[in-house]
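All remarks here apply to the structure that follows.
Coordinate-derived values only; no laboratory data. These numbers were taken from a predicted model, which means no experiment stands behind them. Don't worry about glycine lacking a Cβ; one is built from the backbone with ideal geometry, like all the others, and counts go over all protein chains shown.
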Amino acid sequence: MKTKTGIEKAGIGRVETQYYTFASGSRGFTLENGEKLSPVTLAYETYGKLNTEKSNAILILHALTGDAHVAGFHDEDKDPGWWDDMVGPGRAFDTDKYFVVCSNVLGGCTGSIGPSSINPATGRPYGADFPMISIGDMVNAQIQLIDHLGINSLLSVAGGSMGGMQVLEWMFSHSDRIRSAIPVSTTMRHSPQQIAFNEVGRQAIMADPKWNEGNYYEKSAPSRGLAVARMIGHITYMSDKSMTEKFGRRLKDDKKPFKFTADFEVEGYLHYRGKRFVGRFDANSYLYITKAIDYFDASKGKKPQQVLSGSNTKVLVIAFKSDWLYPAYQTQEIVRACKLAGLDTTYCEIASDYGHDAFLLETEEETHLIKYFLERVYNGKVTEKHSD
Amino acid sequence: MISSKDIEYNLISTLVKTGASVLDLGCGSGDLLARLKREKNINKAQGIEIDELAIYKCVEKGLSVFHGDIDTGLAEYEDKSFDYVILNQSFQQVKKPDQVLEEALRVGREVIVGFPNFAYFTARYHLALCGRAPITRSLPYEWYDTPNIHFLSIADFIYYCRHRKIKIIKSYYINKNKQIKIFPNLRALVGIFLITK
């Protein structure tokens, strides 16, 4: 990470993904809809050291297409994890002080159980036989993981977008296991507009004949459909301004003589993003996880302030001005509920032009907020610092 | 040397009871709130501030703060949610001071208001004799770049409170680094009031 003073701070270095398998017995892991999964494997990574009191553990939660690899480098990779600027020695989630865990979600395709995993009953991938999962199920699986790691109470849970929804699920349903929460660029429930965008993505996948009702693992994957879903996603992750700055109306140099080629740079970019995505993500996982997001309701139909009241969670809520996928007014609803419930809450709306992507990019501002917030939660007192 | 800001904070600090809860509207960088938290063992301290950079400074000081507008930020609080609501040097900057003060009096058991006195004698001189918009120590801005959008005097505020049946529990008047007791509307740069309804 480059700081303002230009000093390069060493990151976390080389890391490895770990796996925890549980619920192998006949009881299995019961999902919110009553169905069962057995066994369940979660991919996760840890950084830093758990102290003897086990009071310094932080769980980081990823967005729709993220994974457990939040920081550091895997052997074969040139790029670090997805929030590397935020996690490491001296960074916002300071691994010299805290024990940081990042878990891949249930339903995913990067090491945890999901529709592409082998169904022990058939010996073949689950495909569309995989049960519907919820954000609540993802968090219940994370609870198994932190139990396994011997952590009773998390110092904090943090994440953006769908990661923020998991943070809210912890806040609303498991406040006895956390001391603080950092929901970023997220909402307590999807608006019809947000559901609509996800539905177009899902329809793109299902309209691809290769999807084949979800049974494609032995043949070829519905890459065209998944790429289109990703393209729609990318439009919603950027802002009008960031697109204008990045592409303008510039045309690509390698224009081919055909009417409907991707002539504009922005078209080329979306194609590139779509193409890259299909190499690393499973179409069925995309369907299952976006459904989980759409059905999420943090307070489960109740008044959010009623559910939150009585909890002692300290909350830091962050939104970004140009984010139109998870606009600040939705994030402010979380703040409002916390306020009404009497929770110790801080809210900041960071000025940024990056749209929803800002939560991954504006790490300097986030670092400032998260670092001091965590210090206060960890030390339990005001930092004696005078700025003027 | 003690600054006028120090004496303002000293006096406000004497108005706040130990162990109380405080909501600071327009808390800026959080200097006052952090000080109260430290000296008065505040059990709940919350700030509201519109400026993003000031939010970072508050968080550095370990304060809880909402990034937002104080014209609209109070509606969600229940009656008497805080022992004190503070409007220090922000009162003259809100769009609707009348409504904000009413809300502050609803949300807080007591309200502390601090504002620059527009009837300070040099301000009168600027306006009456030079025919120019006044610039004083407590109103240091040019007319074109001032954050202040309402101009009131100590006498205005006292009249207003009487009119609205707001009880003034205590008042302090300050010029530079000392308190003013005689002819405050002429001689004080800043007025600080502890009020309730």
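Within segment B:69-93, name every residue whose backbone N is under 18 Å away from a label modeled 7 Å from Cα of A:Gln306 along the Cβ vector.
The answer is B:78.
Just the Cα atoms of the protein assembly as shown: what Rg and Dmax do they give in Å?
27.7, 95
From other protein chains only, count the Cβ atoms within 10 Å of every residue's Cβ in A:340-346, then give the mean.
Average per residue, whole number: 4.
Cβ under 12 Å from A:Met138's Cβ, A:Met138 left aside: what net charge do those residues give with Lys, Arg +1 and Asp, Glu -1?
Values: positive: none; negative: A:Glu32, A:Asp137, A:Glu169.
Every neighbour counted, the sum reads -3.
Please report, in whole Å³, the volume per residue of the convex hull around the C-alpha atoms of segment A:195-290. Each step should come with its number before you reach the end.
Details: hull volume 11.5 nm³, N = 96.
Spelled out: Cα convex hull of segment A:195-290, divided by residues, is 120 Å³.
Count charges around A:Glu199 for me, please; just the other residues with Cβ under 12 Å from its Cβ, Lys/Arg as +1, Asp/Glu as -1.
Numbers: positive: A:Arg202, A:Lys291; negative: A:Asp294.
Taking every Cβ under 12 Å from that of A:Glu199, the sum is +1.
Nearest 10 degrees is fine. How inclined is helix B:154-163 to the longest principal axis of chain B, computing both from alpha carbons?
That helix lies at roughly 60 degrees to the long axis.
What is the local net charge at B:Asp71, summed over the other residues whose Cβ is closer than 14 Å to its Cβ (Lys, Arg +1; Asp, Glu -1)?
Values: positive: B:Lys95, B:Lys96; negative: B:Glu49, B:Asp69, B:Glu76, B:Asp98, B:Glu102, B:Glu103.
Cβ neighbours under 14 Å give a net charge of -4.
From the alpha carbon gyration tensor of segment A:18-99, can you work out the equivalent ellipsoid semi-axes (sqrt of 5 times each eigenvalue) and give them in Å, largest to smallest?
Working: eigenvalues 161, 59, 27 Å².
Output for segment A:18-99: semi-axes of 28, 17, 12 Å.
If you average the sequence gap of Cα pairs under 8 Å that are 6 or more apart and divide by the length of chain A, what percent do you get for the contact order?
Numbers: 769 pairs, mean separation 63.1, N = 388.
Computed over chain A, the figure is 16 percent.
Suppose a student asked you for the relative contact order of segment A:195-290, using Cα pairs under 8 Å spaced at least 6 residues apart; what percent would you report?
Averaging sequence separation for qualifying contacts and normalising by length gives 31 percent for segment A:195-290.
Please compute the modelled spin-label separation between B:Asp71 and B:Glu142, points set 7 Å along Cα→Cβ, answer in nm with one decimal.
Output for this residue pair reads 2.5 nm.
Output the peptides A:348-358, B:66-76 sorted from most to least packed, where packing is the average of other Cβ atoms within 10 Å over each peptide's residues.
Working: A:348-358: 22.1, B:66-76: 18.8.
In descending order of packing, they fall as A:348-358, B:66-76.
Can you tell me, using C-alpha contacts under 8 Å and at least 6 residues apart, the relative contact order of chain B as a whole percent? Walk me through the intermediate numbers first.
Values: 375 pairs, mean separation 39.8, N = 197.
Relative CO of chain B lands at 20 percent.
Output the direction-averaged projected area (hull surface divided by four) of the convex hull of the alpha-carbon atoms of segment B:4-196, in nm². Each step should come with its number before you reach the end.
Numbers: hull surface 42.1 nm².
Across all orientations, segment B:4-196 yields a mean hull projection of 10.5 nm².
Return the long-range amide H neighbours of A:Asn119 (sequence gap of 5 or more, or a different chain), with a cut-off of under 5 Å between placed amide H atoms.
So A:Asn119 has HN proximity to A:Arg124, A:Tyr126.
Enumerate the calculated ³J(HN,Hα) couplings along segment A:243-249 in order (Karplus 6.51 cos²θ - 1.76 cosθ + 1.60, θ = phi - 60°), each rounded to whole Hz, writing x wherever the residue is Gly or Pro.
5, 4, 5, 6, 10, x, 10
Over all residues in A:234-240, what is the mean tally of Cβ atoms on other chains that come within 10 Å of each residue's Cβ?
Shielding by partners across A:234-240 averages 0.
Along the Cα→Cβ direction, 7 angstrom out, place labels at A:Phe264 and B:Ile182. What is the inter-label distance in nm?
7.6 nm
What spacing in nm lies between the two simple spin-label points modelled at B:Arg162 and A:Ala351, each 7 Å away from Cα in the Cβ direction?
For the pair B:Arg162/A:Ala351, the computed spacing is 4.4 nm.
Tell me, what ³J(HN,Hα) does each residue in segment B:78-92 have, in order and in whole Hz, if you take phi through Karplus 6.51 cos²θ - 1.76 cosθ + 1.60 with θ = phi - 60° and put x for Gly and Pro?
These are the phi-based 3J(HN,Hα) values: 6, 4, 6, 6, 10, 5, 9, 10, 10, 10, 9, 6, 10, 4, 7 Hz.
Using modelled backbone amide H atoms (1.01 Å from N, in-plane), which distant-in-sequence or interchain residues come within less than 5 Å of A:Phe73's amide H?
A:Gly13, A:Arg14, A:Val15
Distance check, please: which entries in B:Lys95/B:Lys178; A:Lys302/B:Lys80; B:Lys37/B:Lys178; A:Lys339/B:Lys17; B:Lys37/B:Lys57; A:Lys246/A:Lys321 exceed 20 angstrom between their Cα atoms? Don't skip to the answer; put the middle values down first.
Working: B:Lys95/B:Lys178 31 Å; A:Lys302/B:Lys80 25 Å; B:Lys37/B:Lys178 24 Å; A:Lys339/B:Lys17 23 Å; B:Lys37/B:Lys57 15 Å; A:Lys246/A:Lys321 18 Å.
Exceeds cut-off: B:Lys95/B:Lys178; A:Lys302/B:Lys80; B:Lys37/B:Lys178; A:Lys339/B:Lys17.
Choose one answer from A:Ala204, A:Ala319, A:Ala158: the residue with the largest mean-square fluctuation in a GNM of chain A with alpha-carbon springs under 10 Å.
Looking only at A:Ala204, A:Ala319, A:Ala158, the largest GNM fluctuation is found for A:Ala204.
Using Cα positions and a limit of under 16 Å, work out the lysines in reach of A:Lys219, with same-chain residues fewer than 8 apart set aside.
A:Lys210
Go through segment A:170-184 residue by residue and turn each phi into a ³J(HN,Hα) via Karplus (6.51, -1.76, 1.60, θ = phi - 60°); whole Hz please, and just put x for glycine and proline.
Once θ is set to phi - 60°, the couplings for segment A:170-184 become 4, 4, 7, 10, 9, 5, 6, 9, 10, 9, 8, 9, 10, x, 10 Hz.
Only helical DSSP H runs with n ≥ 4 go in: add -39500 (n - 2.57) per run for the protein assembly as shown, normalise by residue count and round the 222 nm mean residue ellipticity to 500 deg cm²/dmol. All intermediate terms of the calculation are to be shown ahead of the outcome.
Numbers: 18 runs with 191 residues, N = 585.
Helix-only estimate at 222 nm: -10000 deg cm²/dmol.
Using the Kirkwood formula on the Cα atoms of segment B:24-90, what hydrodynamic radius do you get, in angstrom to one decimal? List each step's numbers first, then the result.
Details: mean 1/r = 0.0835 Å⁻¹.
Radius from the Kirkwood sum: 12.0 Å.
Looking only at other chains, what is the average number of their beta-carbon atoms within 10 angstrom of each beta-carbon in A:347-355? Walk me through the intermediate numbers first.
On the way: counts 7, 10, 5, 4, 2, 0, 0, 0, 0.
Counting other chains' Cβ atoms within 10 Å and averaging over A:347-355 gives 3.
Check A:Val317: other-chain or 5+ apart residues with amide H under 5 Å from its amide H, H built from backbone geometry?
Placed amide hydrogens put A:Thr346, A:Tyr347, A:Cys348 under 5 Å from A:Val317.
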